[in-house]
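In what follows, a single structure is set out as structure tokens and then discussed.
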Amino acid sequence: MAAEWNTRESIAAMAARMGEVKPILDQLKPAQWMEKGASEGYAQQLDGTRAELDGVEWSLGNLAGKPEKLSFAVDAYFRVQSFRSKVASINEAVRRYQNPAIAELIDAYLTDSSAAQIQLQTYLRDLSELKEAELEVMESEAQRCRVQQIQRRPGQR
């Protein structure tokens, strides 16, 4: 595992990378999509995608604050994965109902941000392995203490 300060910097950079899609999302016009025959559900999906981005940033902020917490790493990973999936889905509407050039920007964002997702996945795996190793050591030490207690003569502490 990397040093904690390095991990914090890496997670902060990841959060910044994930947020780079905001200006692109701000260019999207779901009302125009509906005028061209798109389902109203796309507008709701876009709102959900924006809310999901807030959740990603919040989750990565939590992880940057406590990078040793496995639950924060799991939460961040699943939020990033879900967010990227929603952006990809919205991109289909952008390509069809708004502007293929903006869709290409979103494609480029998804390609570029895939490295952040892979980095988070690797970090999650490494952190999980570290926590498993820590648990094995704790279990071994607990067993050693139990054996020592049993081996002591009755009446001794």
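Only one entry in 82, 128, 71 is at pLDDT 90 or above, hydroxyl-bearing (Ser, Thr, Tyr) and closer than 17 Å to residue 19 by Cβ, namely 82.
Among the helices (runs of 4 or more DSSP H) confined wholly to the range 3-63, which include 3 or more residues that are farther than 14 Å from residue 84 by Cα, touching a residue at least 24 places away in the same chain (Cβ under 8 Å) and out of contact with any Cys (no Cβ under 9 Å at 6 or more places or on another chain)?
4-19, 30-35
The conditions of being at pLDDT below 90 and not acidic (Asp, Glu) are met by residue 149.
Has the range 128-139 got any residue that is surrounded by 14 or more Cβ atoms within 10 Å (Cβ to Cβ), farther than 21 Å from residue 44 by Cβ, small (Gly, Ala, Ser) and touching a residue at least 12 places away in the same chain (Cβ under 8 Å)? No. Of 88, 16, 76, 51, all but one fail to be under 16 Å from residue 118 (Cα atoms) and surrounded by fewer than 15 Cβ atoms within 10 Å (Cβ to Cβ); the exception is 16. Tell me whether the range 60-72 contains one or more residues that are of a type outside the set (A, V, I, L, M, F, W, C) and closer than 22 Å to residue 109 by Cβ. Within the range 60-72, one or more residues are of a type outside the set (A, V, I, L, M, F, W, C) and closer than 22 Å to residue 109 by Cβ.
The values are calculated or read from the model by the stated rules, or taken from the named source; none is laboratory data. It should be emphasised that the depicted structure is a prediction, and the values quoted were computed from it without experimental measurement. Glycine also receives a Cβ, built like all others from the backbone with ideal geometry; neighbour counts cover every protein chain displayed.
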